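The values are calculated or read from the model by the stated rules, or taken from the named source; none is laboratory data. Just so it is clear, the model here is predicted, and its values are computed rather than measured. Heads up, the Cβs are rebuilt from the backbone with ideal geometry, glycines too, and the neighbour counts pull from every protein chain shown.
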Amino acid sequence: MNDMTKHQLVLLVLLVSFVTALVTGIVAVTLINQAPPPITQTIQRVIEKTIGVLPEPLKKDEKQELELNALSRDVLIEDIARRVSPAVVSVVATKDIPIIERYFVSPFSSDDPFQQFFPDLLVPQYRQKGTEKAQVSSGSGFFVSQDGFLLTNRHVVEDPEADYSVITNDNKKLKAKVVARDKINDMAVLKVEGESSAGGFVSIPLGDSENVSIGQTAIAIGNALGEFQNTVSVGVVSGLRRTIIASGLASGPEELSQVIQTDAAINLGNSGGPLLNLKGEVVGLNTAKAQGAENIGFSIPINQLKRALNDTRVNGRIINPYIGVRYILTDKGALVGAGANGEDAVQLNSPASKAGIKEGDIILELGGVKITRENPLNKLIQQRSVGDKVTLKIQRGNNQIKIDLVLEERK
């Protein structure tokens with residue numbers, strides 16, 4: 001009996017232990033399921049909800065490849081800056097400036113009775129005492145040929161009474177002559193004068209601005225603020241085919257179309273410097289910056305300047321073709337209309353007037369190319385030469401007609 005009781009007692013203890021363990025396990029699982037998730041798990045879920053499933057960590061080979069690509073880009077930019085910098089110059093304008101002298105005189109004549117009451121009274125007067133050479137402006141430029149031809153902005157060399165010189169990267173000062181100024185594209189061509197023009201200048205090859213795309217690397221070099229020579233800034237092409245109004249010119253505001261927008265820093269003094277691609281080629285002529293903005297600069301596509309540059313080197317002047325109409329670009333084409341100040345829509349004795357183009361006409365095509373915001377009328381004309389015969393498709397009222405005319409030189 002006693003033995004049986006002990007056996008039963010052992011079984012009872014085992015049963016109680018099993019039941020207790022089972023209940024404890026159930027309670028533990030319930031508490032774990034109801035407890036808040038760990039903070040790391042919460043952050044992980046928030047990130048996944050925000051940006052989607054996180055990518056797998058980079059493999060060692062992939063990380064090395066990215067590092068090598070970044071290093072290669074840095075080395076490439078350094079190499080371009082080293083090779084191109086000798087071709088970039090500062091363009092300096094000097095001029096005879098009057099020397100103003102201040103002197104003092106009595107405000108009274110010798111027989112004025114008031115003089116006796118104010119014998120020591122003197123008032124300042126000013127007079128010119130000769131002139132002196134002084135720097136009046138500075139900008140940037142770059143060699144486009146080994147024989148000393150340079151490209152810069154027209155507004156950098158706008159003053160016809162000033163003398164111009166260029167300062168090279170090794171601080172040599174060379175006299176330069178303005179060969180031509182292009183009022184259409186804000187560009188000018190200079191030529192180094194004297195014995196130093198015999199040759200041997202480092203020049204920059206011209207690229208193809210038609211192949212420029214948004215997001216590609218852009219490198220600007222120039223005389224930043226007229227003080228920091230050959231400053232290199234790097235960014236991307238941030239916009240294409242912009243139309244801007246450039247102010248600050250002595251001749252007044254100027255509209256520039258089809259320009260390249262970049263976030264590579266273009267400061268005052270950078271005007272006339274090159275915008276480069278990763279091949280070290282010029283794709284634009286830096287010309288303006290947006291006021292009140294962070295790193296929004298503009299550059300004239302180099303393709304728009306090639307013909308004028310070639311004209312200057314061959315003929316000694318820029319030969320611009322024109323048809324002689326004022327127009328507003330619309331969705332259909334170029335609407336011929338009078339200027340804001342009443343200027344004639346069709347200029348007298350121009351190719352357009354001779355061909356019979358009228359105010360209110362909409363020029364739809366030139367030479368079979370449709371006129372659009374990407375291909376405005378002035379761009380299509382500048383791609384042609386003086387003497388070319390072109391056919392215009394025109395919307396006149398409800399009718400479409402074709403008119404032939406011959407491009408003439410803009411005087």
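With respect to the stated conditions, VAL386 fails to be buried (at least 18 other Cβ atoms within 10 Å of the Cβ) and either part of a strand (DSSP E or B) or modelled with pLDDT under 95 (or both).
Once the range 300-328 is narrowed to residues that are of a type in the set (A, V, I, L, M, F, W, C) and not in a helix (DSSP H, G or I), the residue that is farthest from VAL390 (Cα to Cα) is ILE300.
Among the residues of the range 369-411, count how many are touching a strand residue (DSSP E or B) at 6+ places or on another chain (Cβ under 7 Å) and of a type in the set (Ser, Thr, Tyr). Final tally of qualifying residues: 2. Determine if the range 82-95 includes at least one residue that is modelled with pLDDT under 85 and either in contact with a His (Cβ under 6 Å, 6 or more places away or on another chain) or more than 22 Å from GLY272 (Cβ to Cβ) (or both). For the range 82-95, residues modelled with pLDDT under 85 and either in contact with a His (Cβ under 6 Å, 6 or more places away or on another chain) or more than 22 Å from GLY272 (Cβ to Cβ) (or both): absent.
Are any residues in the range 74-115 of a type in the set (A, V, I, L, M), part of a strand (DSSP E or B), surrounded by 12 or more Cβ atoms within 10 Å (Cβ to Cβ) and touching a Lys or Arg at 6+ places or on another chain (Cβ under 9 Å), and if so, which ones?
Answer for the range 74-115, where residues must be of a type in the set (A, V, I, L, M), part of a strand (DSSP E or B), surrounded by 12 or more Cβ atoms within 10 Å (Cβ to Cβ) and touching a Lys or Arg at 6+ places or on another chain (Cβ under 9 Å): VAL92, ILE97, ILE99.
Please indicate, with yes or no, whether at least one residue in the range 360-379 is part of a helix (DSSP H, G or I) and in contact with a helix residue (DSSP H, G or I) (Cβ under 9 Å, 6 or more places away or on another chain). Looking through the range 360-379, at least one residue is part of a helix (DSSP H, G or I) and in contact with a helix residue (DSSP H, G or I) (Cβ under 9 Å, 6 or more places away or on another chain).
Got a number for residues in the range 209-267 being assigned to a loop (DSSP other than H, G, I, E, B), surrounded by 16 or more Cβ atoms within 10 Å (Cβ to Cβ) and among the acidic types (Asp, Glu)?
Matching residues across the range 209-267 total 1.
Apart from one condition, ALA93 fits all of (1) of a type in the set (A, V, I, L, M, F, W, C); (2) within 30 Å of LEU190 (Cα to Cα); (3) in contact with a helix residue (DSSP H, G or I) (Cβ under 9 Å, 6 or more places away or on another chain); (4) free of Cβ contacts under 8 Å to residues at least 60 places away in the same chain; the exception is (4).
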